[in-house]
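Take a look at the structure below.
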Amino acid sequence: MAITNKDIDKMKEVFVTKDEFQGFRDEMLKGQDKIMGELEKIREDRVFAKAKDDELERRLEKVEAKVG
């Protein structure tokens, strides 16, 4: 029994084609890029917050040294 063009058309309705898979892959990568961008922003914010915390800690130690 040979596969006909009609059979192939029916299979195209059920199975993902190469073009559809590529589109899905592209959308997934775009989503991951957005997530990575947000993570990078969070990391940068945390670095700046840590630097500010360190500076405040140094200032507090100086004040405590003068008071104590």
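Overview of values
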quantity: Angle between the chain longest axis and helix 18-67 axis [Cα atoms, degrees, rounded to 10]; calculated: 10
quantity: Charge tally in the Cβ shell below 12 Å around residue 50, where Lys, Arg are +1 and Asp, Glu are -1, residue 50 excluded; calculated: -3
quantity: Structure-based [θ]222 nm, the chain - -39500 (n - 2.57) summed over DSSP H runs of at least 4, per residue, nearest 500; calculated: -32000 deg cm²/dmol
quantity: Proximal lysines to residue 52, defined as alpha-carbon separation beneath 30 angstrom and excluding residues fewer than eight positions away on the same chain; calculated: 34, 41, 62, 66
quantity: Under 30 Å from the Cα of residue 12 - lysines, other chains or at least 8 residues apart; calculated: 30
quantity: The chain - convex hull of alpha carbons, volume per residue in Å³; calculated: 96
quantity: Cleavage-rule hits (chymotrypsin sites (Phe, Trp or Tyr not before Pro)) in segment 12-68: DSSP loop, at most 16 neighbouring Cβ within 10 angstrom; calculated: 15
quantity: Tilt relative to the chain, helix 5-14 - C-alpha long axis, 0 to 90 degrees, to 10; calculated: 20
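Bear in mind that the values in this text are calculations on the coordinates, not laboratory data. What you see is a predicted model; the values in this text were computed from it and never measured. Positions of Cβ are backbone-derived with ideal geometry, glycine not excepted, and every protein chain shown enters the neighbour counts.
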